[in-house]
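Data block below; observations after.
The values are calculated or read from the model by the stated rules, or taken from the named source; none is laboratory data. What you see is a predicted model; the values in this text were computed from it and never measured. So basically every Cβ, Gly included, is an ideal-geometry build from the backbone, and we count neighbours across all protein chains shown. For the accessible areas, the whole protein counts, side chains as well, though only heavy atoms, and no ligand, DNA or RNA atoms are used. Shrake-Rupley method; radii C 1.70, N 1.55, O 1.52, S 1.80 Å.
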Amino acid sequence: MLQWLHNLPLPVGLVLVCAAFVIPTLVGSYLLQPQVARLFRGERDINTVLGFLLNTFALYFGVLLALLSIAVFENHNKAEDAVVREAAALIKLYRDVQHYPEDARLELVNVLDRYVDEVVGPGWEVQQRGEVNPQEIAIVGELHGALARLAPDNVGQGVRYAQSLRVLDDFVEARRLRISGGSSAIPRIMWFIVLVGAVVNGIVIWMFDLRPFTHAIIGGTLSLFIALVIFMIAVLDAPFRGSYGVTPDAIARVHSQTGMHRTK
């Protein structure tokens, strides 16, 4: 729902989100608050009653924001872990194929090399959009075909071949987790509830019978904190996008750690 934030520089997005919450609160403290508070004048200890209401609302709203913060943080960590696992599986595959016959070894290394180039290059732009890269699928198919054509000549090669197949399964699983992580996001209904809750928070503040300046200080402080939390959730909501998105560095380091290019 707030995906447009990832297309802006981080400071600009932060200022826009904070302004979107704080400015309406401050304007309402001076223009709307007197009319809203007038509805409750004459009630006994209205500020005390509203205090209980605000505490109850803040409890549920705070729990909602906390759960969303934990959810997006876990999704971000899972996406990063999937990238690291995929890189580790690629390194294992490279080391396994070093013991294969020359022709098979060169073919497999070439396929792995092209796969890494594709993922860290144009494929990462596709990943950031939460889509599946057909070129990656084609290269993975070549990798499966190259391994399938191998015929172990003895028991030792058979054990090594079985190990390569297990590592290949780990690689495919990590790759699928990485791709699925690109489309993970908070449902729109939850964003709707969060934004409605932020509006309700401002309205409850306006109900208090206080001076406009006091309303501006209290409401502005609460709105600023809510804006910061919502901005954090929005930035982390798409694990592969924006300044804090997961990068392909772990996969890119496969080249330097294995020396693939030097074997071509």
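Express in whole angstrom the spacing between the alpha-carbon centres of segment 141-215 and segment 51-97.
Centre-to-centre distance over Cα atoms comes out at 9 Å.
For the full complex of protein chains and a 1.4 angstrom probe, list SER183, SER69 by accessible area with the highest value first. All intermediate terms of the calculation are to be shown ahead of the outcome.
Working: SER183 80, SER69 25 Å².
Output order, biggest surface exposure first: SER183, SER69.
Quickly work out the ARG211-to-VAL196 label distance, labels modelled 7 Å from Cα along the C-beta direction, and quote it in nm with one decimal.
Label at VAL196, label at ARG211, 3.7 nm between them.
Give the residue from TYR100, GLN128, PHE21 lying farthest towards the positive end of the charge dipole for the chain; charges sit on Cβ (+1 for Lys and Arg, -1 for Asp and Glu) and the dipole is referred to the Cα centre.
Toward the positive end, the furthest listed residue is PHE21.
With an 8 Å cut-off on Cα pairs and a minimum separation of 6 or more residues, tell me the relative contact order of segment 144-253 in percent.
Working: 31 pairs, mean separation 27.0, N = 110.
Reported as a whole number, the value is 25 percent.
Please give the residues of segment 174-193, grouped as numeric ranges, whose backbone N is less than 20 Å from a label point set 7 Å along the Cα-to-Cβ vector of ALA252.
Output list for this probe position: 175, 178-179, 182.
Taking 2.2 N^0.38 Å as the expected size of a compact globular protein, what ratio does the Cα radius of gyration of segment 61-114 give against it, to two decimals?
On the way: Rg = 19.4 Å, N = 54, 2.2 N^0.38 = 10.0 Å.
Its radius of gyration relative to the 2.2 N^0.38 Å reference: 1.94.
Taking θ as phi - 60°, what are the ³J(HN,Hα) couplings along segment 85-92 by the Karplus curve (6.51, -1.76, 1.60), each to the nearest whole Hz, with x for Gly and Pro?
5, 5, 5, 5, 5, 5, 5, 5
With a Förster radius of 35 Å, plug the Cβ-Cβ distance of LEU8 and LEU53 into 1/(1 + (r/R0)^6) and report the FRET value to the nearest 0.05.
Numbers: r = 36 Å, r/R0 = 1.03.
Calculated value: 0.45.
Of ARG241, ARG175, ARG44, ARG253, which has the most accessible area with a 1.4 Å probe, and how do the rest follow in descending order? Please list the in-between numbers first.
Details: ARG241 60, ARG175 25, ARG44 205, ARG253 120 Å².
Largest accessible area first, the list is ARG44, ARG253, ARG241, ARG175.
Run the numbers on the chain and let me know its relative contact order in percent, using alpha-carbon pairs under 8 Å that are six or more apart. Numbers along the way, then the final one.
Numbers: 263 pairs, mean separation 116.9, N = 264.
Relative contact order for the chain comes out at 44 percent.
Rounded to the nearest 500, what is the 222 nm mean residue ellipticity of the chain from helices alone, with -39500 (n - 2.57) per DSSP H run of 4+ residues and division by all residues? Before the final figure, lay out the partial values.
Values: 10 runs with 204 residues, N = 264.
My calculation for the chain gives -26500 deg cm²/dmol from helical runs alone.
Could you work out the equivalent-ellipsoid semi-axes for segment 108-264, taking the square root of 5 times each eigenvalue of the Cα gyration tensor, largest first, in whole Å? Could the numbers behind the result be given before it?
Values: eigenvalues 552, 46, 30 Å².
Value: 53, 15, 12 Å, ordered largest first.
Using a simple spin-label model with points 7 Å from Cα along the Cα→Cβ vector, what separation in nm is obtained for ALA19 and ILE70?
Placing both labels 7 Å along Cα→Cβ, they lie 3.5 nm apart.
Rolling a 1.4 Å sphere over the protein heavy atoms, what is the accessible area per residue of the chain, to the nearest Å²?
Here the residues of the chain average 54 Å² of exposed surface.
Over the chain, with every protein chain in place, what whole percent of the accessible area is carbon and sulfur at 1.4 Å, could you tell me?
With neighbouring chains kept in place, the figure for the chain is 64 percent.
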